[in-house]
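Participant: Below are the structure tokens for one structure; questions will follow.
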Amino acid sequence: MHNLNLNVPFKTILFTLFSLGFVYALYSIYPILILLVLAVIFAISLEPLVQRISSVKYNKKQKISRSLAVILSFVIVLSVIVTAFLFIIPEIFSQLPKLFETTQRTLEMYSRQYNFSIEIPDLSQYTERALSISLSLFTNIFSILTFILLSIYISLDWLNIKKFFHKLLADSYKSRYEKILNEFEFSIGMWVKGQLILMFTIGILSTLVLYLIGNPYYLPLGILAGILEIVPIVGPIISTLFAVLISFSMNGQTAGLITLGTFYGIQVLENNLLVPKVMEKVSGFSPILILLAFLIFSNFLGVVGAILAVPILMFANILVKYLVLKK
């Protein structure tokens, strides 16, 4: 019987321990890392607006400084967000309890009419829970201010940050680094612009259709359809189900079928006309790949993962394009 001597170099042991410690440290501070990633993506998404404002000339010669352009960009975007939450969101939350109660009654009615059993949860508790979560989210002033300030500082110093990492790289990688960063900036900017156009278009069309049908909840349902447009594949299905159920219960079967047909038509119009036109400058992914990314990242990171799924997919695609496929 032979004795098995396993000699492991001390450097290997030290490197392994260091790697495990580094991974554990990253795991320990992952909420901070997520906040940092969100701030970077938010800053990059505002970069086209910053560049456009900074290109404006005053006194016929001088251009607006980058610092002022960054401040103006954040003031414009944050003003729109704050206005939306002050005037639109309270209206939605005031109608959500009634909307959920109506949905629950509709499900009970059709379960009795068509003789099938369905366990219907008390949807009102989810309304209260969603309201409390939203209020706690938007009353956490420290986290919001941290995110905003971090995004502003990143945007103000973005050019220097890019130069810093550019200097660290070997000369053979600098060209690829510039191409990767430029394409990622462009993709994120176009993706955000495209998503906003799609959200506004779907929201307005859905609100108009529900209003013409006579649905009393046309405003919250229309805004919900617009907001859920950012969630790939699953979002439009959820908004359609809500709208159809409410139309069935409030306006009858004819209105419900019209709502179903109209919402389906809106999705067909979006998938065949709006998305190709709006996203023509952005690298597209197959619906299966987007759904898988959405499920994986939302499973690990929740709502934040669902938001970050497409940007991370874009970044991974760009890295593969320049570092793996391109020699």
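Participant: Which ³J(HN,Hα) values, rounded to whole Hz and listed in residue order, are derived for the stretch 150-167 from phi using the Karplus coefficients 6.51, -1.76 and 1.60 in 6.51 cos²θ - 1.76 cosθ + 1.60 with θ = phi - 60°, glycine and proline given as x?
Facilitator: 4, 5, 5, 5, 5, 5, 5, 9, 4, 5, 5, 5, 5, 5, 4, 5, 5, 5
Participant: 5 Å is the cut-off here: which amide hydrogens, built 1.01 Å from N in the peptide plane, fall below it relative to Asp157, excluding neighbours closer than 5 in sequence?
Facilitator: When sequence neighbours closer than 5 places are left aside, there are no close amide H contacts.
Participant: Can you compute the equivalent ellipsoid semi-axes for the stretch 139-198, i.e. the square root of 5 times each eigenvalue of the Cα gyration tensor, sorted largest first and rounded to whole Å? Display every interim value, and only then the final one.
Facilitator: Details: eigenvalues 152, 74, 10 Å².
Equivalent ellipsoid semi-axes, largest first: 28, 19, 7 Å.
Participant: Between Ser143 and Thr254, what length comes free when the chain is fully extended (0.36 nm per residue of separation minus the Cα-Cα distance, one decimal in nm)? Show your work: numbers first, answer last.
Facilitator: Details: separation 111, 0.36 × 111 = 39.96 nm, distance 4.73 nm.
Extending this stretch completely gives an extra 35.2 nm.
Participant: Taking R0 as 35 Å, what's the FRET efficiency between Val268 and Leu289 from their Cβ-Cβ distance, rounded to 0.05?
Facilitator: Values: r = 21 Å, r/R0 = 0.61.
Step by step, r from the Cβ atoms, then E = 0.95.
Participant: Moving on to the next point. Quick one: order Tyr322, Tyr177 from most to least accessible surface, probe 1.4 Å. If you can, show how the numbers build up before the last one.
Facilitator: Numbers: Tyr322 25, Tyr177 45 Å².
Ranked list, largest accessible area first: Tyr177, Tyr322.
Participant: Using a 1.4 Å probe and ignoring any ligands, DNA or RNA, find the accessible area of Glu101 and quote it in Å² to the nearest 10.
Facilitator: Accessible surface of Glu101 is approximately 90 Å².
Participant: Over the heavy atoms of Ile312, what accessible area does a 1.4 Å probe trace out, to the nearest 10 Å²?
Facilitator: 60 Å²
Participant: Taking 7 Å along the Cα-to-C-beta vector as the label spot, tell me the Leu181-Tyr24 distance in nanometres, rounded to one decimal.
Facilitator: 3.4 nm
The values are calculated or read from the model by the stated rules, or taken from the named source; none is laboratory data. Only a predicted model underlies this, so the values are computations on that prediction, with no experimental measurement involved. All Cβ positions, glycine included, derive from the backbone under ideal geometry; neighbour counts span all protein chains shown. Only protein heavy atoms, including side chains, enter the accessible area calculation; ligands, DNA and RNA are left aside. Shrake-Rupley method; radii C 1.70, N 1.55, O 1.52, S 1.80 Å.
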